[in-house]
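Asker: Below is a structure I'd like to ask you about.
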Amino acid sequence: MHEDILAGIGGKRVRSACTQWAAVSAGVLLASLVAVPAAQAAPAGTPPAPTTRIDQRALDWRPCEDLEPVGDTAMECATLTVPMARSTDGGRVGDLAETLQIALSRVPATGTAEHTVLVNPGGPGSAGRKWAAHTHNRMPEELREIYDVVAFDPRGMGASTPNVTCDPAYFAPVRKDSVPADAMEERALREDAEAYADACTRNTGPLLDHMRTEDTAHDMDAIRVALGLEQVDYLGYSYGSYLGTVYASLYPDSVRAVVLDSVVDPDLPWYQSNLRQSRSLDRAAENFFDWIARHDGTYGLGTDGDEVSAAYYDLRARLREAPLEDTVGPSELDGAASVVAYSGNSWPSVAEALAAQVNDADPAPLLKLHDTYGDDADSDPAFGGYLAVQCTDAPWPRDWDTWDTDARRVHEDAPFLGWHNIWYNAPCASWTGEADPWFQVGDGPYEHPAYEGDVLVVHATEDGATPVEGAHSLRDRLPGSSLVIEDGGITHGVALTGNTCVDETVVAYLKDGVLPERGADGPDVTCEARPEPSPRGAQSTEPTQVERLGPIGLETSR
């Protein structure tokens, strides 16, 4: 049964949806049944102020029927019904005739819950519910005892319905080479991107008008309301750092502690951010090639990074002429190999796959790598969700000459995934509807005040998905923040992943509210990186950072 929540949760206009899902638990209906006094008209260009008048009901938590336990940790599930659109009239919740379902998961505290942390693993486009269990498992017992961990599939994604749906055949192998050899090949790739954007509009419908980061931030506050909490804590990785910054800016009184890991640069809208990302992904690949060279006795691909790089690009060229078993061509190699920019744990398996194909003409490891990390028909919902957010979060160039000029310039400096990243985002060039202005904290068209509460920012210097410059930019934007840097770290996602120095800082903040003292310039704490992976070493049973999809996540880099 649905239960009512009297709510006056306001904010910027939100959007809508279509598709059905058999809910794993009873839902909670978020309703605008309380009249909110009319506010004075805000100046043009300013968003309506969020309101806080609420009356909550308990969510109906039940054992998850569609989520397997992670290790020994089982999760509870519930659903929350929220409006697709919010009116700007006085900040009232919009038309209840149009609603959507947000799928939630929870792992309760092992003792008496003192806090609730809301977790987002990144993306956009990522289903997030399993991260309730992953986060609980990564916490030390002193945090498990006092924290309920709540995660959710953002609107339009995963078990939240309706879903963004586009064209599952888009990733059918073997795809065209993402590096066009001539104008004809580039035009064909562009037509594919335009067709995908058209398919998203045709198959998803009005939901695409309601997928901005601000929309999800409003849903997050609806989750807080439904939990019956005055405040929540927040842990966000990668794109989740941007989502958390937007949420804290819109609802500064709703958050207690905020941890932002592997952060998106608040100064760069998505188009510019992706151009910078291509260069950082290339640096991550160079680090990987250098690592292979240091273990030439194991892999036999070269004694320096340049030799290994040459072997990789030679393999890529050969796959263009003769794909492996009609499954892995150059674009599929790009997608599978991109994981090295996200997770150091992936380096041995990727190196073994490259060595097997280059040295022994053995395709099995590379085919397995593609099956594990590459794109296929199952990638469509996440990819469509990624685009639905990014294409409307900020304006994108509409003239292809701009894209072409930037692509060629970036590819010259960053060949690993320069063109690949362009095509991953190219549907935004013809996306239906207009994008709203980029949500900037402290400036920009809306002049959102910077969140002034405590924030802990965590980042690795060699993170390929989100360049470390963004962590310094975010620290500068948030006056109450402290920055922890993992010096030499190669993995996208640092908090609660085993670096004692980092984890002790995170635990002290979440448990006791203790932030590192903020100096004149960052970083405020520098931690030595964890050891680099050993060749053919034991692989971690924890989910790799490939699951913390980047900002700009793994989707962006494929």
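Asker: Would you call ARG190 assigned to a helix (DSSP H, G or I), basic (Lys, Arg) and more than 29 Å from ASP261 (Cα to Cα)?
Answerer: yes
Asker: When you check ALA197 against the structure, is it in a loop (DSSP other than H, G, I, E, B), crowded, with 18+ Cβ neighbours inside 10 Å and either within 21 Å of the chain's Cα centre (by Cα) or modelled with pLDDT under 95 (or both), yes or no? Break it down into steps so the answer makes sense when it comes.
Answerer: Numbers: in a loop (DSSP other than H, G, I, E, B): no; crowded, with 18+ Cβ neighbours inside 10 Å: yes; either within 21 Å of the chain's Cα centre (by Cα) or modelled with pLDDT under 95 (or both): yes.
No.
Asker: Another question, if that's okay. Restricting attention to the range 236-278, which residues are in a strand (DSSP E or B) and β-branched (Val, Ile, Thr)?
Answerer: VAL255, VAL258, VAL259
Asker: All but one of (1) at pLDDT 95 or above; (2) surrounded by fewer than 17 Cβ atoms within 10 Å (Cβ to Cβ) hold for ILE485, so report the exception by its number.
Answerer: Among (1) at pLDDT 95 or above; (2) surrounded by fewer than 17 Cβ atoms within 10 Å (Cβ to Cβ), the lone unmet condition for ILE485 is (2).
Asker: Could you check how many residues of the range 139-182 are in contact with a Gly (Cβ under 9 Å, 6 or more places away or on another chain), under 16 Å from THR204 (Cα atoms) and among the β-branched types (Val, Ile, Thr)?
Answerer: Number of matching residues: 2.
Asker: Now for a different question. Listed residues ASP219, ASP209; which is at pLDDT 95 or above and within 27 Å of ALA248 (Cα to Cα)? Talk me through it step by step, then tell me what you get.
Answerer: Details: ASP209 fails: at pLDDT 95 or above.
Result: ASP219 is the single residue among ASP219, ASP209 that is at pLDDT 95 or above and within 27 Å of ALA248 (Cα to Cα).
Asker: A follow-up question, please. Mind telling me which of the residues ASP304, ASP267 ends up being surrounded by fewer than 21 Cβ atoms within 10 Å (Cβ to Cβ) and at pLDDT below 95?
Answerer: ASP267
Asker: Same structure again: Tally time: how many residues in the range 477-511 are out of contact with any Asp or Glu (no Cβ under 9 Å at 6 or more places or on another chain) and free of Cβ contacts under 8 Å to residues at least 60 places away in the same chain?
Answerer: 4
Asker: Is it the case, given these coordinates, that THR165 is out of contact with any strand residue (DSSP E or B) (no Cβ under 9 Å at 6 or more places or on another chain), of a type outside the set (Gly, Ala, Ser) and surrounded by fewer than 24 Cβ atoms within 10 Å (Cβ to Cβ)?
Answerer: Yes; evaluated as a whole, the condition is true for this residue.
Asker: Would you check if there is a residue in the range 395-405 being modelled with pLDDT under 95 and either more than 20 Å from the chain's Cα centre (by Cα) or of a type in the set (Phe, Trp, Tyr) (or both)?
Answerer: No; the residues of the range 395-405 include none that is modelled with pLDDT under 95 and either more than 20 Å from the chain's Cα centre (by Cα) or of a type in the set (Phe, Trp, Tyr) (or both).
Asker: If you don't mind, there's one more thing I want to ask. As an exercise: evaluate HIS370 against (1) touching a strand residue (DSSP E or B) at 6+ places or on another chain (Cβ under 6 Å); (2) closer than 30 Å to GLN440 by Cβ and give the number of the one condition it does not meet.
Answerer: Failed condition: (2).
Asker: Pull up the range 387-423, narrow it to residues that are assigned to a helix (DSSP H, G or I) and in contact with a Leu (Cβ under 8 Å, 6 or more places away or on another chain), then point me to the one that is surrounded by the fewest Cβ atoms within 10 Å (Cβ to Cβ).
Answerer: Taking the candidates together, the pick is ASP406.
Asker: Let me ask something else about it. Residues being in a helix (DSSP H, G or I), at pLDDT 75 or above and crowded, with 21+ Cβ neighbours inside 10 Å: count how many of those fall in the range 504-558.
Answerer: So the answer is 4.
Asker: Among the residues of the range 355-381 satisfying the criterion of being among the aliphatic types (A, V, I, L, M) and surrounded by 24 or more Cβ atoms within 10 Å (Cβ to Cβ), which is farthest from GLY302 (Cα to Cα)?
Answerer: In this case the residue turns out to be LEU369.
Asker: Still on this model: On the given criteria, is ARG212 surrounded by fewer than 16 Cβ atoms within 10 Å (Cβ to Cβ) and closer than 30 Å to VAL82 by Cα?
Answerer: Against the criterion (surrounded by fewer than 16 Cβ atoms within 10 Å (Cβ to Cβ) and closer than 30 Å to VAL82 by Cα), ARG212 does not qualify.
The values are calculated or read from the model by the stated rules, or taken from the named source; none is laboratory data. The model shown is predicted, which means the values in this text are computed figures rather than measured ones. A quick note on method: Cβ atoms are made from the backbone with ideal geometry, for glycine too, and the neighbour counts reach across all protein chains shown.
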